[in-house]
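**Q** This is the structure, below, for whatever I ask next.
Laboratory data are not the source of any read-out in this text; all were calculated from the coordinates shown. What you see is a predicted model; the values in this text were computed from it and never measured. All Cβ positions, glycine included, derive from the backbone under ideal geometry; neighbour counts span all protein chains shown.
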Amino acid sequence: MTTKPFKPAWWSRNPHLQTLWPFLFKQGGSPAYRRERFVLPDNDFIDIDWLDTARGKPTVILLHGLEGGSDSHYIRANSMLLAAAGLRVAVMHFRGCSGELNRLPRGYHSGDTADLSQFVSELLTREPGTPIAAVGFSLGGNVLLKWCGETGTGCPLAFAVAVSVPFDLMVAADSLDSGVSRLYQWWLVKSLKQTTLKKIDKGLLNYEREKIQRLNTFTEFDDMVTAPLHGFQGAMDYYRRCSSRPWLKHIKIPTLLLQAEDDPFLNKCGLPDASELSDTVMFELSRHGGHVGFVNAIPANGRSGWLEARICDYALNRIKEY
């Protein structure tokens, strides 16, 4: 099938409604995941949730967004449709995002590509010759695009898809600290602080609880926690070095970018133009869609939304050509 360009439902043109509707009104059942614990070289771990009844078929890795996981609405919807289409799905949780604290003081961040690289290497070792692809959402999309650019012609993926990506992390931080978008910032920073406080209680971190509790913005949190824990000289250094935007021109595998102009997580100035993309990157920019929204109808059981249909359509076409 060929998915038509995104057109929002008449009642859902507002970007915040686009963003919040699928989050607040999750549809369908829960995928029957099989969990695998993957131990990393530094003795930390990430958890992989598999939908792999179609053994021997191509594997699609799903990378969630900030503080997301396999139960996130967009992960559930896409994993079920891809599995129903005969593909194996592996939801890769970033460190500490699978319901259990990771073992080390460090966590995950928007530019951390090493764990993805390690997991892909493991899959290639287990099943050489089996095609592997990846789909990343928001932060997961930034990680995926940065890794694809870093690996260039050596990228082992058959294709990549990235949705609602914060290509420029500094612009994204500013966008989330203005207007209604501060509500998203408040919710996500609250979650990040809760994880940090749990690590303090467990003796993994040596911060003063009161200082963590006073952090209100992404820039404040990243400056105090994310940057020093992961080897950056403050939030600005982290944003500069971990944004995927400079890496887009180095991507050499077929890659689909799905983005909305009205994404409340990223102002338009954070979007790349054609000169920043390699010739293997297809950039589909919709006027509406919000952040990982793309609501074109009231969801109903048994009917896919536009976003997962577009991703599945692209995946099946690319697998045929691989």
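**Q** Output ³J(HN,Hα) for the range 57-62: one whole-Hz value per residue in order, computed from phi by the Karplus curve 6.51 cos²θ - 1.76 cosθ + 1.60 with θ = phi - 60°, and x for Gly and Pro.
**A** Result, rounded to whole Hz: 8, x, 9, 10, 8, 9.
**Q** While we're on this one: Among DSSP beta bridges lying fully in the chain, give the percent that are antiparallel, nearest 5.
**A** Details: 10 of 34 bridges.
Beta bridges within the chain, antiparallel portion: roughly 30 percent.
**Q** Taking the Cα of ARG287, stepping 7 Å toward and past its beta carbon, and measuring to each backbone N in the range 1-26: which are under 19 Å?
**A** 4-19
**Q** Something else: Just report the Cα centroid separation between the range 153-168 and the range 243-316, whole Å.
**A** The two parts, judged by their Cα centres, are 11 Å apart.
**Q** Please list, in order along the range 258-269, the HN-Hα scalar couplings obtained from phi with the Karplus expression 6.51 cos²θ - 1.76 cosθ + 1.60 (θ = phi - 60°), rounded to whole Hz, x for Gly and Pro.
**A** Residue by residue, the range 258-269 yields 10, 9, 10, 4, 9, 4, x, 8, 8, 5, 4, 5 Hz.
**Q** Quick one: divide the alpha-carbon radius of gyration of the range 33-131 by 2.2 N^0.38 Å and tell me what you get.
**A** Normalised Rg, Cα atoms only: 1.05.
**Q** Something else: Reachable lysines from LYS198, Cα under 26 Å, same-chain residues fewer than 8 places away excluded?
**A** LYS190, LYS211
**Q** Starting with the highest mean, order 103-109, 92-98, 252-258, 152-158 by the number of other Cβ atoms within 10 Å, averaged over the residues of each peptide. If you can, show how the numbers build up before the last one.
**A** Details: 103-109: 19.0, 92-98: 23.1, 252-258: 21.6, 152-158: 14.7.
Output ranking for 103-109, 92-98, 252-258, 152-158: 92-98, 252-258, 103-109, 152-158.
**Q** Put a dot 7 Å past each Cα toward the Cβ at SER191 and LEU24; how far apart are the dots in nm?
**A** It is 1.7 nm.
**Q** Which far-off residues, 5 or more places away or on another chain, put their amide H under 5 Å from the one on PHE283, with H placed in the peptide plane?
**A** Under 5 Å from the amide H of PHE283 lie the amide H atoms of LEU257, each far enough along the sequence or on another chain.
**Q** So for the pair ALA85, GLU321, with labels modelled 7 Å out along Cα→Cβ, what separation do we get in nm?
**A** Each label point is offset 7 Å from its Cα along the Cβ direction, giving 1.4 nm.
**Q** Could I ask something else about it? How are the C-alpha pair distances of the range 169-242 spread across 10 Å bins, as whole percents from the shortest bin up?
**A** 20, 50, 28, 2
**Q** Go through 183-191, 60-68, 15-23 and give me the packing order, highest mean Cβ count within 10 Å leading. Please list the in-between numbers first.
**A** On the way: 183-191: 15.7, 60-68: 25.0, 15-23: 19.9.
Descending packing order for the listed peptides: 60-68, 15-23, 183-191.
**Q** Counting only residues 5 or more places away or on other chains, whose amide H sits under 5 Å from the amide H of ILE251 once H atoms are built in the peptide plane?
**A** SER278
**Q** Right, next: Determine, for each peptide in 142-150, 129-137, 233-241, the mean count of other beta carbons within 10 angstrom over its residues, then list the peptides with the highest first. Display every interim value, and only then the final one.
**A** Values: 142-150: 26.3, 129-137: 21.3, 233-241: 17.7.
Descending mean neighbour count gives 142-150, 129-137, 233-241.
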